[in-house]
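The values are calculated or read from the model by the stated rules, or taken from the named source; none is laboratory data. No experiment lies behind these values; they were computed from the predicted model shown. Cβ placement follows ideal geometry from the backbone for every residue including glycine, while neighbour counts extend to all protein chains displayed.
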Amino acid sequence: MSSPTPPSPPAPRSPLTSHNSQLPVPTDSELARPRVLLAVCALAFAARLGACLLKAVVSTDAYWYVSLARKMLDGRWSEALSQGYHPGYPALAAAAALLLGNVPFAAHAVSILAGALTPIPAWSIGRRAFGLRGAFFAALLAAVLPEAVDEGSDILVEATYLLFFLSSVALALRAASMPGLPAAAGSGLFAAAAYLVRPEGLAAAAFGPAVVLAGAWLGPALWGRRLAATAVLSAAFLAGFAPYVVFLHGHFGRWMITAKQGGAAFSRAAPQSRMGESQKKVQEKGRSSALYLPGRFLQQLGKTMFLPFAALVVLAAFLRFRVPRPAPAERFARLAILGLVALYLPPLFRLLATMGYVSTRHLLAPAMLLLVFGAGSAAWLSLQWKRGMAVTILAIAAVGLPKSLRPVRTDEIPLKLAGLYLRDVAPGVPFAGPEKAAYYADVLFYHVPQGGSPEIAAALSEAGTPWLVLLEEDQPGVAPTLDGRFELVQSFGGGDARVTVFRFRP
């Protein structure tokens, strides 16, 4: 009689798989199903669409992006590219407008769609660093992070930039572990696309070749394949990067596009922009205290990550005492992400030091990378108690979605109302005033000069502008001092948010 077949040995446990079969948590095979990632992307889309519908007013830069897209549609490319904005996002908005017929609507659609797709590269990065469970929570955090939802529901570049930047990082990590030419080429192309949207995309271009070569640490060096992959990645980046910067140099005599403040982070030759009072105060405090600028930087980064989510990253630092040692590939991915953050942040700190300014929009990409480590913590927490997966998901959604889906710019409603008023009473007529009102009015815009009635009247006469919009926060106390040539026709709001509309009659 044959002896019974011995039982097969138990499969080795991943650091983030359940040690209790009774816990109602999904298995890795269940998490790997496409419908899981599709559901997360649907959540990201719904959150951004809701924020877009609830938002009181678009951002200041929205007017310029819409204006640039219209110039591109009209074939005025040289004029469009001479502005201090990278052309990637306006070009996508212009392309979408060919299908949708309305440039502002198309620009919103590009942002919302890009934000809805961002969980895909976040999933890929999280999977390489923390396995399938970490991939799920990385995608979930990317879907509901309040700052990403707010920016990704607006006429702003951030959602498009995040999609391209994270896609380049995800493909570079893939090319590092399995040196292949398609992944390397994709990483280079996405890095070029990220640069065409924001100058910080250069960080992805520097990260890709370095991480592909460093991947030799994972096992067989395969130097021939790695060198080929590095060359292909660099060539793909240059293929997308070079035509644009060569055009810039030929037409404008410079290699760096932006003349805006952000250019100071990457080019010492970037011109100094006119600083506001808040920026001057930041610089003054930085000179008086060596700790002020680092504190300011950390404050902005913490705000971008949203502190309840940042707590997950802090927790991740202590979980190494509780979680088994990760596989070499996971350790490599985690170190590579931290290396990219270390590469990304110094130029932005230099921007703060030189210009007295760094915004949460600048810091959104490194904040998202750091939250990948929060995804590892969330994955571990989801296994520690009964129904832990559901509790962790609900906790993340409860923290993120309410802040993301409320109108965050209610103090700027008067600007929206002023723009809508001008759209009715003066459609298509140029005026001087804030960009946000100009966007809603869909008319030409001119900067309001500093000074009183004589200076403003001279500028309006030269520009042939009959309408004037003043925002109290921008030019405090100016509205009551204007002389009889300025007829007050409407005012909205109060305090610093007060918006006053004048008719200029020379």
Here's a check for you: in segment 72-90, which residue that is surrounded by fewer than 19 Cβ atoms within 10 Å (Cβ to Cβ) and free of Cβ contacts under 8 Å to residues at least 24 places away in the same chain is nearest to residue 158 (Cα to Cα)?
83
Among the numbered criteria (1) at pLDDT below 85; (2) crowded, with 18+ Cβ neighbours inside 10 Å, which one does residue 320 miss?
(2)
Could you tell me whether any residue of segment 112-120 is surrounded by 24 or more Cβ atoms within 10 Å (Cβ to Cβ) and polar (S, T, N, Q)?
yes
Which residues, taken from segment 457-472, are surrounded by 14 or more Cβ atoms within 10 Å (Cβ to Cβ) and touching a residue at least 40 places away in the same chain (Cβ under 8 Å)?
457, 460, 466, 467, 469, 471
Enumerate the helices (runs of 4 or more DSSP H) found wholly within segment 279-385, keeping only those where 2 or more residues are of a type in the set (A, V, I, L, M, F, W, C) and without any contact (Cβ under 8 Å) to a residue 40 or more places away in the chain.
307-319, 328-355
For residue 131, indicate whether it is part of a helix (DSSP H, G or I) and at positive phi.
yes
Subset of segment 241-257 that is part of a loop (DSSP other than H, G, I, E, B) and of a type in the set (A, V, I, L, M) - its residue that is modelled with the lowest pLDDT:
257
Considering only residues of segment 326-383 that are of a type in the set (Lys, Arg) and either crowded, with 17+ Cβ neighbours inside 10 Å or in contact with an Asp or Glu (Cβ under 6 Å, 6 or more places away or on another chain) (or both), which is modelled with the highest pLDDT?
334
